[in-house]
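To start, the structure itself, in structure tokens.
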């Protein structure tokens, strides 16, 4: 079979082929590159240039190369930046803890329920992000089931002590923002994890058991390391958008939970201070890229065992 | 046995029932300590399930498993001092070769894990590959790593699940010899699951033949070959010519008179099942001779011959239409031609005798599918 | 940024119902951020009108007579809709004039909408819209920048029906550029279930009463929030100074630092107010009237020291292709009978004389609601935030927003 395919493929004019082949991959790249150039590179460039301009929206902006805007924006909004990174990290960790067992079950144990479970995971995407977040207002509101449960179990005291809630109210708290972020980005965690765990050969787990590894040791030394690509993908897909998110903090938070996305939104749309908004966007971008770079490098080269 | 407390591996009424079929009917089996034991049978016969129950990867439906006097039926897999070489090798792809081999030792907290792992790798001649990942190794090398990974733990029992199945023929032969050598070196009980009868006979001290979830026969390779207990074993292990015959009387001197389609022949009484008159007289092809050197003689016509170098294989059609295979060694005796009418003969006692009330083709179909 | 929800989808509106997504859903404006931000930084600004003295913008060739259409952008849920989903007042206009109305509910937020159309207006291009409804301060900005055209009152004979209190406003003397569409007050709303039965009737109480601590929201709309506080401080919001503004901000900052505030909202305060998660807040009349249909217990107070009144106003942008048709449309809504139909549905204050009488005929109960048909005494206490210069607007907005997101 293989020989035949070679023979058939080999017959037509071999001289013309090398040149024709060479440009085809580049031609295939072209639409994507154009798209990126127009919708990514150009706006990035404009944003960068915008951050270095001075003026106002009424009299116009002039490019003055005012790099001082960066330290200025940073000194003014560093708490928001840190808070955003902190919330996003919390949501990412919480998401990982919640998603991992579910993804594992779906990938390895669910059998014929697998597809139904996948659909259920994706189902929330059929409604808008906003609706889902607003729904959480109702879920967490006083007198709701969740509120009742944390009150009867006394969990609310723990949350209060940890500073995640105040005065026994779940809504409009750090907790609510983190919960909202966790929920909204959970599918982005589950799906890559599922994909990684589904590829996991069950015989490797048997081999581990056979080689004296308990359930926990099997997880730690075999399952988890092998699912790392999924963990990395899932955490990035959660962390990056969660850092820039401004819906959850706005709808579920309070005046102390404002995230950097809200600040940028306010600066761009309300204050019309485009340079500072652009500078802040860039700072956020650089912070995320740096953190992600460090993270991927660590996760990629070390075993984490 | 006193000096090694682990002892024999014993399966007592061990059975496994899945939702829709029975993988293993209750079976009893004792595998002597330090022996190389083969579980042989066609695919689906229950041999792998039996192995997995011993490993602890499958929960038995009934019965017990003992190593020596210790009941390990309900011991978790990771607490059994039993290791497995998997058919697919199941090497951990994210670990280096040496980490793979040291895995079991580390789980048991062995301080010298890495050193022992290196020694085990040296034993399988892969010491220089220790730092590589499994996917950088050939199939044969991976196989040896899997073996080292299991052996290094010095288990009471080493289970091998078709470990050579994925190797090409030449490598397989080489590994068979290698495995046997290692087993003799380490003295650990090896339980080797295979569907390859030649492999089982070459390597094992004892072979258990399984079919459809039951044990057909247990014995040394020679016992099984020379005295199969059923048509299945007769056909599955090597080739057999099964001649339908009837016992007609006692010939004295431990022999019986038998009528084989009109030919009077004699067979040894010792191996005839009790109380049976209609029998299959089985004669292995290499025990038949062209010419009349043996006491039992039949005549037939050669319908096919093929020369293999060491021997010539003839198909000889007997007067009632049945074809027997004759293998004549290339020992200088004259060769016959197709169409030639010949006498074939054997000496009483070199045959085996089976009850005719069973399927004469049992064990054949599977073999044909496998080799086809 | 994170995913932009599809805010105009039917599912969205069906889910939230009329109560949440009504006129001022500032929150919804966030959806436009991506587009708006990019377009915002693409071009340099130009100040076309000299301060305060508007010159009127550039006009395009009016195709009204050859193309019988008008493109109208308005806020969501801000017009009468019947049970079949039709808009009777628009249908009546089309039937009477033969002009088809392309009615688009894409005005979710003043800032967002401004960000969307500014680059086009600046470049002297058609925005694809002939008329839209902007809030007072945005109209002021549009006039200041010369982005809107003078109205031709020959096409709007009914324009004289505009109520006296709105016929001459600071930002548009003589109503040369704009005519109000709907008006409303900003006051205080509270949910008695959540205040322990307490009535929250003054700004002072709203910002200080420990009974509602942490469950108070203010509006992100600067002129309403700061305006009410200035009035509480005894300032005149038609002539306050920068110091007065600072003083008001200090009051907000203080309330925020004490943990009195839960946050700042667009009109997404409605659902939590109804459920009691917000105990009291600054709220707009139309929203409250709608909430009271389902929650008659909800309290609403117009602060004794004064309160703000705002309007959304028809304006015709530069280069609009169907200016005359747009003016005919405005004229149509300045018929009290037509306006009464709208008022009965949107529950804001109609700015057209004679609407009350028409409303009595249509829905007598509504006609008695002081929040829709305020008395002269109530109207006399309502104030309009004074117009700001470019510099003031930038400065004030920046400082107010730094508290909102601080």
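In the stretch A:130-153, what residues are outside any helix (DSSP H, G or I), under 28 Å from the mean Cα position of the chain (by Cα) and more than 9 Å from every other protein chain (Cβ to nearest Cβ)?
Within the stretch A:130-153, no residue meets the criteria.
Which residue, of B:239, B:217, B:197, is free of Cβ contacts under 8 Å to residues at least 24 places away in the same chain and touching a helix residue (DSSP H, G or I) at 6+ places or on another chain (Cβ under 7 Å)?
Details: B:239 fails: free of Cβ contacts under 8 Å to residues at least 24 places away in the same chain; B:197 fails: free of Cβ contacts under 8 Å to residues at least 24 places away in the same chain.
Residue meeting the stated conditions: B:217.
Quick check, is residue C:225 in contact with a strand residue (DSSP E or B) (Cβ under 7 Å, 6 or more places away or on another chain) and over 24 Å from residue C:376 (Cα atoms)?
On the way: in contact with a strand residue (DSSP E or B) (Cβ under 7 Å, 6 or more places away or on another chain): yes; over 24 Å from residue C:376 (Cα atoms): no.
So residue C:225 fails the test.
What is the number of the single condition among (1) in a helix (DSSP H, G or I); (2) touching a residue at least 40 places away in the same chain (Cβ under 8 Å); (3) surrounded by 24 or more Cβ atoms within 10 Å (Cβ to Cβ); (4) facing another protein chain (nearest Cβ under 8 Å) that residue A:251 does not meet?
Failing condition for residue A:251: (3).
Condition first: closer than 30 Å to residue A:191 by Cα and within 14 Å of chain C (Cβ to nearest Cβ). Can you find one or more residues in the stretch A:154-169 that meet it?
No, there is no match, as no residue in the stretch A:154-169 is closer than 30 Å to residue A:191 by Cα and within 14 Å of chain C (Cβ to nearest Cβ).
In this structure, does residue B:280 turn out to be in contact with a helix residue (DSSP H, G or I) (Cβ under 7 Å, 6 or more places away or on another chain) and either in contact (Cβ under 8 Å) with a residue 24 or more places away in the chain or assigned by TED's automatic domain parsing to the domain that holds residue B:320 (or both)?
Numbers: in contact with a helix residue (DSSP H, G or I) (Cβ under 7 Å, 6 or more places away or on another chain): yes; either in contact (Cβ under 8 Å) with a residue 24 or more places away in the chain or assigned by TED's automatic domain parsing to the domain that holds residue B:320 (or both): yes.
Yes.
Would you please name the residue that is nearest to the other protein chains (Cβ to nearest Cβ), looking only at residues in the stretch B:61-80 that are under 11 Å from residue B:14 (Cα atoms) and part of a strand (DSSP E or B)? Spell out how you get there, then give the answer.
Step one: of the stretch B:61-80, the residues under 11 Å from residue B:14 (Cα atoms) are B:61-66, B:73.
In the following step, the residues that additionally are part of a strand (DSSP E or B) were identified as B:62-66.
Values: B:62: 22, B:63: 21, B:64: 20, B:65: 15, B:66: 19 Å.
Here the answer is B:65.
Filter the stretch A:56-87 for residues that are facing chain C (nearest Cβ under 10 Å) and surrounded by 16 or more Cβ atoms within 10 Å (Cβ to Cβ) and give the result.
A:56, A:57, A:58, A:61, A:77, A:80
How many of the residues making up the stretch B:212-228 are surrounded by fewer than 19 Cβ atoms within 10 Å (Cβ to Cβ) and either part of a loop (DSSP other than H, G, I, E, B) or touching a strand residue (DSSP E or B) at 6+ places or on another chain (Cβ under 7 Å) (or both)? Working first, answer last.
Step one: list which residues in the stretch B:212-228 are surrounded by fewer than 19 Cβ atoms within 10 Å (Cβ to Cβ), which gives B:212, B:214, B:219-220, B:222-223, B:226-227.
From what's left, either part of a loop (DSSP other than H, G, I, E, B) or touching a strand residue (DSSP E or B) at 6+ places or on another chain (Cβ under 7 Å) (or both): B:212, B:214, B:219-220, B:226-227.
Number of matching residues: 6.
Evaluate the stretch A:234-248: report whether one residue or more is assigned to a loop (DSSP other than H, G, I, E, B), in contact with a helix residue (DSSP H, G or I) (Cβ under 7 Å, 6 or more places away or on another chain), crowded, with 20+ Cβ neighbours inside 10 Å and within 14 Å of chain B (Cβ to nearest Cβ).
To start, the set of residues in the stretch A:234-248 that are assigned to a loop (DSSP other than H, G, I, E, B) comprises A:245-246.
Applying the additional criterion that residues be in contact with a helix residue (DSSP H, G or I) (Cβ under 7 Å, 6 or more places away or on another chain) yields A:245-246.
Narrowing the set further to residues that are crowded, with 20+ Cβ neighbours inside 10 Å leaves A:245-246.
Of the ones still in play, those that are also within 14 Å of chain B (Cβ to nearest Cβ) are none.
No, the stretch A:234-248 contains no residue that is assigned to a loop (DSSP other than H, G, I, E, B), in contact with a helix residue (DSSP H, G or I) (Cβ under 7 Å, 6 or more places away or on another chain), crowded, with 20+ Cβ neighbours inside 10 Å and within 14 Å of chain B (Cβ to nearest Cβ).
In the set B:325, B:312, B:231, B:299, which member is surrounded by 13 or more Cβ atoms within 10 Å (Cβ to Cβ) and over 30 Å from residue B:207 (Cα atoms)?
B:299
I'd like to know if the stretch A:80-92 contains one or more residues that are more than 30 Å from residue A:234 (Cα to Cα) and either touching a helix residue (DSSP H, G or I) at 6+ places or on another chain (Cβ under 7 Å) or part of a helix (DSSP H, G or I) (or both). Break it down into steps so the answer makes sense when it comes.
Narrowing the stretch A:80-92 to residues more than 30 Å from residue A:234 (Cα to Cα): none.
Looking for residues that are more than 30 Å from residue A:234 (Cα to Cα) and either touching a helix residue (DSSP H, G or I) at 6+ places or on another chain (Cβ under 7 Å) or part of a helix (DSSP H, G or I) (or both), one finds none in the stretch A:80-92, hence no.
Give the stretch B:47-60 a look and list any residue that's assigned to a loop (DSSP other than H, G, I, E, B) and either at the interface with chain A (Cβ under 8 Å from one of its Cβ atoms) or farther than 22 Å from residue A:216 by Cα (or both), or say none. Please lay out each step first, then the result.
So in the stretch B:47-60, the residues assigned to a loop (DSSP other than H, G, I, E, B) come out as B:56-60.
Correct list: B:56, B:57, B:60.
Any chance the stretch A:122-129 includes a residue that's assigned to a loop (DSSP other than H, G, I, E, B), on the phi < 0 side of the Ramachandran plot, within 14 Å of chain C (Cβ to nearest Cβ) and surrounded by 15 or more Cβ atoms within 10 Å (Cβ to Cβ)?
yes
Quick one: residue B:306 ticks every box in (1) part of a loop (DSSP other than H, G, I, E, B); (2) surrounded by fewer than 16 Cβ atoms within 10 Å (Cβ to Cβ) bar one, so which box is it?
Of everything listed in (1) part of a loop (DSSP other than H, G, I, E, B); (2) surrounded by fewer than 16 Cβ atoms within 10 Å (Cβ to Cβ), residue B:306 misses just condition (1).
Can you report the number of residues in the stretch A:174-183 which are over 11 Å from residue A:92 (Cα atoms) and either without any contact (Cβ under 8 Å) to a residue 12 or more places away in the chain or in contact with a helix residue (DSSP H, G or I) (Cβ under 7 Å, 6 or more places away or on another chain) (or both)? Explain how you work it out, then say what you get.
Taking the stretch A:174-183 first, the residues over 11 Å from residue A:92 (Cα atoms) are A:174-177, A:180.
Keeping just the survivors that are either without any contact (Cβ under 8 Å) to a residue 12 or more places away in the chain or in contact with a helix residue (DSSP H, G or I) (Cβ under 7 Å, 6 or more places away or on another chain) (or both) gives A:175-177, A:180.
Selection size over the stretch A:174-183: 4.
Among (1) more than 8 Å from chain B (Cβ to nearest Cβ); (2) assigned to a helix (DSSP H, G or I); (3) surrounded by 23 or more Cβ atoms within 10 Å (Cβ to Cβ), there is one condition residue A:207 misses while meeting the rest; what is its number?
Going through (1) more than 8 Å from chain B (Cβ to nearest Cβ); (2) assigned to a helix (DSSP H, G or I); (3) surrounded by 23 or more Cβ atoms within 10 Å (Cβ to Cβ) one by one, residue A:207 breaks only (1).
Among the numbered conditions (1) under 15 Å from the mean Cα position of the chain (by Cα); (2) away from chain B (no Cβ under 14 Å), tell me where residue A:257 comes up short.
(1)
Out of B:101, B:124, I need the residue that is at pLDDT 95 or above and in contact with a helix residue (DSSP H, G or I) (Cβ under 6 Å, 6 or more places away or on another chain). Which one?
Numbers: B:124 fails: at pLDDT 95 or above.
Selected residue: B:101, the only one of B:101, B:124 that is at pLDDT 95 or above and in contact with a helix residue (DSSP H, G or I) (Cβ under 6 Å, 6 or more places away or on another chain).
With the condition kept exactly as written, say whether any residue in the stretch C:396-406 is touching a helix residue (DSSP H, G or I) at 6+ places or on another chain (Cβ under 8 Å), surrounded by fewer than 17 Cβ atoms within 10 Å (Cβ to Cβ) and within 30 Å of residue C:98 (Cβ to Cβ).
no
Look at the stretch A:210-233 and say how many of its residues are free of Cβ contacts under 8 Å to residues at least 12 places away in the same chain and facing another protein chain (nearest Cβ under 8 Å).
We begin by selecting, within the stretch A:210-233, every residue free of Cβ contacts under 8 Å to residues at least 12 places away in the same chain; these are A:210-217, A:219.
Those still in the list that are facing another protein chain (nearest Cβ under 8 Å) too: A:210-214, A:217.
Number satisfying all stated conditions: 6.
Pick from the stretch C:78-104 the residues that are assigned to a loop (DSSP other than H, G, I, E, B) and touching a helix residue (DSSP H, G or I) at 6+ places or on another chain (Cβ under 9 Å): which of them is nearest to residue C:321 (Cα to Cα)? Write out each step before concluding.
So the first thing to find is which residues in the stretch C:78-104 are assigned to a loop (DSSP other than H, G, I, E, B), and the list is C:78-87, C:98-99.
From what is left, the residues that are touching a helix residue (DSSP H, G or I) at 6+ places or on another chain (Cβ under 9 Å) are C:78-82, C:99.
Values: C:78: 24, C:79: 23, C:80: 26, C:81: 27, C:82: 30, C:99: 14 Å.
This residue is C:99.
State all residues of the stretch C:358-394 that are in contact (Cβ under 8 Å) with a residue 60 or more places away in the chain and in a helix (DSSP H, G or I); if no residue qualifies, say none.
Pass one, the stretch C:358-394, residues in contact (Cβ under 8 Å) with a residue 60 or more places away in the chain: C:369, C:371-372, C:374, C:378-379, C:381-390, C:392-393.
Answer for the stretch C:358-394, where residues must be in contact (Cβ under 8 Å) with a residue 60 or more places away in the chain and in a helix (DSSP H, G or I): C:378, C:379, C:381, C:390, C:392, C:393.
The values are calculated or read from the model by the stated rules, or taken from the named source; none is laboratory data. Keep in mind that this is a model prediction, so the values were computed, not measured. In this analysis, Cβ positions are derived from the backbone assuming ideal geometry, glycine residues included, and neighbour counts consider all displayed protein chains.
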